[in-house]
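A.B. asks: Below you'll find the structure I mean.
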Protein chains: 2
Amino acid sequence: MIEEYICKYIEKAKRNDKGSTGRLLTYLESSPSQAFKVLNIILRNNVGKAHVIGFTGIPGSGKSTLISKLIHPYIKDNYKIAVIAIDPTSPLSRGAFLGDRVRMQEHSLNPNVFIRSVSTRGLKGGLSFAGVAMVELFDYLGYDKIFIETVGVGQAETDIMNIAHTVVVATMPGVGDEIQILKAGVMEIADIYVLNKSDKEESLKTFEYLNFIIESGEIGSRIGWKPRLLKTSALMGQGIQELRKAIEEHLEYCTSQGYFNHKINLRRKTLVKLFLEKTLLDKLNEEFEELKSMNVEDFNSQLDILRKKIEYFLREFDKYV
Amino acid sequence: MIEEYICKYIEKAKRNDKGSTGRLLTYLESSPSQAFKVLNIILRNNVGKAHVIGFTGIPGSGKSTLISKLIHPYIKDNYKIAVIAIDPTSPLSRGAFLGDRVRMQEHSLNPNVFIRSVSTRGLKGGLSFAGVAMVELFDYLGYDKIFIETVGVGQAETDIMNIAHTVVVATMPGVGDEIQILKAGVMEIADIYVLNKSDKEESLKTFEYLNFIIESGEIGSRIGWKPRLLKTSALMGQGIQELRKAIEEHLEYCTSQGYFNHKINLRRKTLVKLFLEKTLLDKLNEEFEELKSMNVEDFNSQLDILRKKIEYFLREFDKYV
């Protein structure tokens, strides 16, 4: 039985066997019903201890490099670190870490570091079910810090708020249009803003602009926390310590305000929603393949066929999962 | 009644009243039930005449500028042109057209050109229902060429195949990693490859690499059409005529093989699927908002609550649309 395998892998993963952890992650990424079996075990007794940190921002803002630099000091201090990359444009997702490739490979050999990219093939934008399920697994396995990298466009930006305790939004100098994107969506969700690549020329102007927005109180302070604004140059290794400090201060604030557990609760509700969403979309795509070969031309009849199949599927859902 | 308004707008839009066209597009973008009312009218008698051309490719490959340059000669030849931008990273979506901003504004004043970007706020990646519904509307209104710009990551790349008669994939020189993305997904779907920014240094190497892939027969020829490979420099205005020529040759090929109408059929089936998908996801998000405030902790119970609500919703679906 698959359940036996899952239990075996969980036992081994708990003893830090990376191969077993990898297999469990693959279960979470495969069919919803397999993922469900893993979740049913790991969610039963886990209160949730890991600090989950979301990194978002436009492609090119250097999120991957920031994360790469940031985990160094944590590793030195014996933290267990997981990195989940859900951004299809991320160098991380492509197994490369810019100039940092070699160092990241060293990281992967470290028993206290696990780096995993989530397949975005067929992923409908937003945060994937598998990504959130992976957070639960890493949390269950005793990882202290879980970093999630998502791209800052579309749905993901709001989803990350439901998942991460601390949201870091990265931007870079001199990208006028991009700042408008940030303003339109990502800006409201950050606990910490990072102006990366701040060694660049136009840095000061962008910094002042961001500072103005934050000081004007237009954004932030959902929970009484005033968003921080930091300058970094990830490639130069500048501002990394300050970023870590801000992240830890935000964690302290969250914990003191009872916000830490509230977020875990919200994350698990999100997991439920994404699970149902994925099963529904998978089923719909399956039925669509059949519809394509059917000889029905009329919009309403086609809709009726699909609708009834999905309705039936939901009634039979319990047998499926 | 809303149906009366819709009929009025349709009549006016047919007489080329852009304001009315804009309102109909807004209906298509708002609630699924409003969109359904518009579709019920326009799908009834429309056989489908417009040539639909999908443009996809990584951000930065210059899709928007390519489209902008490409529509010039079509406009001169009195074609009616619609452009739909579904790419959230597209300058088009942000109302700007790189250095071409002024010229595009001129386009918008032209009675034979309609440019519309689809809101990607909350959009789950892939091709949106609204985008495909807009294709149907423009087709119904007698537009000759409909360009759709999507970003070449995630789901959109495969969706576009179901929508567009002709798929153009844009890439640029010297982006090794990006080519891997292309290879992994977007490469298989193109009827025409465009190596844009081919005035750049690394151009020849990338061109030869792309050519090798195409010549090796690894990709393409889904319908016996051998993918074309073209060099352009959209900013310099180079290769645009050749691109138009290739697009028209592909159209001819499609028509001669009976593939043109097959694609319209497939597009409408896709529309049905996306319609159901959107209504389901909207409903799920609505229920999620309620779930967030509920005091249920257990994964299975939460899942059961959501599942039953969606099941009930589907049973009541006919009243809803």
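A.B. asks: Give me the inter-chain shielding for A:33-45: mean count of other chain Cβ atoms within 10 Å, whole number please.
C.D. replies: 1
A.B. asks: Around A:Leu271, under 13 Å between beta carbons, what's the net of Lys plus Arg minus Asp minus Glu among the other residues?
C.D. replies: +1
A.B. asks: To continue, here is another question. Would you mind ranking A:Lys292, A:Lys76, B:Lys283 by Cβ crowding within 10 Å, fewest neighbours first?
C.D. replies: Going from least to most buried by this count: A:Lys76, A:Lys292, B:Lys283.
A.B. asks: Can you give me the P(r) profile for the range A:1-76? Cα pairs, bins 5 angstrom wide beginning at 0, each as a whole percent.
C.D. replies: Whole-percent P(r) values from 0 Å outward: 3, 12, 17, 17, 17, 15, 13, 5, 1, 0.
A.B. asks: Please report A:Glu252, B:Glu242, A:Glu287, B:Glu277 as a ranked list, fewest other C-beta atoms within 10 angstrom at the top and most at the bottom.
C.D. replies: Lowest to highest Cβ neighbour count: A:Glu252, B:Glu242, A:Glu287, B:Glu277.
A.B. asks: Placing a label point 7 Å from Cα toward Cβ, how far apart in nm is B:Asn45 from its equivalents in the other copies, listed shortest first to one decimal?
C.D. replies: 7.0
A.B. asks: Let me confirm one metric for peptide A:291-301, namely the mean number of other chain beta-carbon atoms within 10 Å of its residues' beta-carbons.
C.D. replies: That works out to 4 on average.
A.B. asks: Find every distance from the label point of A:Gly142 to the corresponding label point in the other copies (7 Å from Cα along Cα→Cβ) and write them in nm, one decimal, shortest first.
C.D. replies: Values, ascending and in nm: 7.4.
A.B. asks: Which distance in nm do the two modelled labels at A:Arg315 and A:Lys49 give, with both placed 7 Å along the Cα-to-Cβ direction?
C.D. replies: 4.7 nm
A.B. asks: Under the √(5λ) rule applied to the eigenvalues of the Cα gyration tensor, what semi-axes describe the equivalent ellipsoid of the range A:221-301? Give them in Å, descending.
C.D. replies: 46, 20, 11
A.B. asks: Rounded to the nearest Å, what's the spacing between the alpha carbon centres of the range B:270-318 and the range A:22-37? Just the number, please.
C.D. replies: Centre-to-centre (Cα) distance: 22 Å.
A.B. asks: Based on other C-beta atoms within 10 Å, arrange B:Asp298, A:Asp144, B:Asp77 from fewest to most.
C.D. replies: Ordered by Cβ neighbours within 10 Å, fewest first: B:Asp77, B:Asp298, A:Asp144.
We did not get these values from a lab; they are worked out from the coordinates using the rules stated. Note that the structure is predicted; figures quoted are calculated from it, not measured. Using ideal geometry, Cβ is built from the backbone for each residue, glycine included, and neighbour counts are taken over all protein chains shown.
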